[in-house]
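Beneath this line is the structure, given in structure tokens, with notes to follow.
The values are calculated or read from the model by the stated rules, or taken from the named source; none is laboratory data. Note that the coordinates shown come from a computational prediction; the quantities given were computed from them, not determined experimentally. Neighbour counts are summed over all protein chains in view; Cβ atoms, including those assigned to glycine, are modelled from backbone coordinates with ideal geometry.
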Amino acid sequence: MRNLFLFIWKHHIFILFLLLEALALYLIIKNNRFQNTGFINSANVISGNVLGLYSEIREYFYLRKTNQLLVEENALLRSQLEQSFIKKPILYKADTNYTQKYIFRTARVLNNSVNKRNNFLTIDKGKLHGIEPEMGVISPDGVVGVIKDVSDNFASVMSVLNKNTVVSCRVKKNGYLGTLIWEGGNPAYGTLNDVPRHASLLPGDTIITSGASAIYPEGILVGFVETASLEDGDNFYTIRLRFSTDYAKLTHVYIVKNLMSQEQKMLEKATQNDN
């Protein structure tokens, strides 16, 4: 307190000057309509800018929560799409019974690599959230990979950018099947194999998942044909595919649970044993 009094006494002339200046400014603004209007307008502009800045800061800090709510809502909507159901005709009735086949859960990407030969992601959901190995993982832009290992609260995802990943695909415009692999190098491009030469393939054609495996629903975007070439005597195209997903920017993903995967796997296993 003593130091405060000493400071005031030392600078009392300057402080008195500021007070007199403030008083003069107040009297000018109060007794002159033009200055009064200008002051009010300026004050409104300043207060508006301050409130706008406060609102932007508050929105920024709530952005993560808002994004999470949107992702969860999108997962629910994906679970309600027609491609998440299978049609079961009802005998003797001109009607169709729809049975849910796929449901979607959300997860946040905690770790991700794109510059290795075998790339993986880590997500923040595990066994306690119903996550199991061999579930598919997609993003809003397309396929991402397959669940590999699971702990209670986390899971690793074998990315499309992995030499062991193979995705069954389909040319959207004509239905021809192919298989997607990544041969390393540029994480923006993959290789589509096994598309026959009579498929009439062109640059820009859309490639989607075929639904042939128990991992992904049919119709999930994979990418676009960058180049498609045929050599003399070739029966299949050599296709360079541009991925629809930017794997270096993944933040949120959807885990795909196939409710009928065990039934499909058991049937396929029984068929293989018969051969």
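Does region 199-214 contain any residue that is aliphatic (A, V, I, L, M), within 22 Å of the chain's Cα centre (by Cα), modelled with pLDDT of 90 or more and under 30 Å from residue 132 (Cβ atoms)? Yes: one or more hits. Reported count of residues in region 115-131, each being within 19 Å of residue 164 (Cα to Cα) and touching a residue at least 60 places away in the same chain (Cβ under 8 Å), is 4.
Of the strands (runs of 3 or more DSSP E) lying entirely inside region 98-156, those containing at least 2 residues that are surrounded by fewer than 19 Cβ atoms within 10 Å (Cβ to Cβ), in contact with a strand residue (DSSP E or B) (Cβ under 6 Å, 6 or more places away or on another chain) and of a type outside the set (Lys, Arg) span 102-112, 118-123. When region 218-244 is filtered for residues that are farther than 14 Å from residue 200 by Cα and surrounded by 22 or more Cβ atoms within 10 Å (Cβ to Cβ), the ones remaining, listed by number, are 220, 222, 223, 241, 243. For region 172-189, a tally of residues being over 16 Å from residue 113 (Cβ atoms) and under 23 Å from the mean Cα position of the chain (by Cα) returns 4. Residues of region 232-248 that are among the aliphatic types (A, V, I, L, M) and more than 25 Å from the chain's Cα centre (by Cα): 239 alone.
Look through 251, 165 and report the one residue that is under 26 Å from the mean Cα position of the chain (by Cα) and either more than 30 Å from residue 129 (Cα to Cα) or modelled with pLDDT of 90 or more (or both). I'd like the intermediate steps shown before the answer.
On the way: 251 fails: either more than 30 Å from residue 129 (Cα to Cα) or modelled with pLDDT of 90 or more (or both).
After ruling out the rest, the residue left standing is 165.
Report the residue count in region 185-212 for those that are aliphatic (A, V, I, L, M) and more than 23 Å from residue 138 (Cα to Cα). Count: 4.
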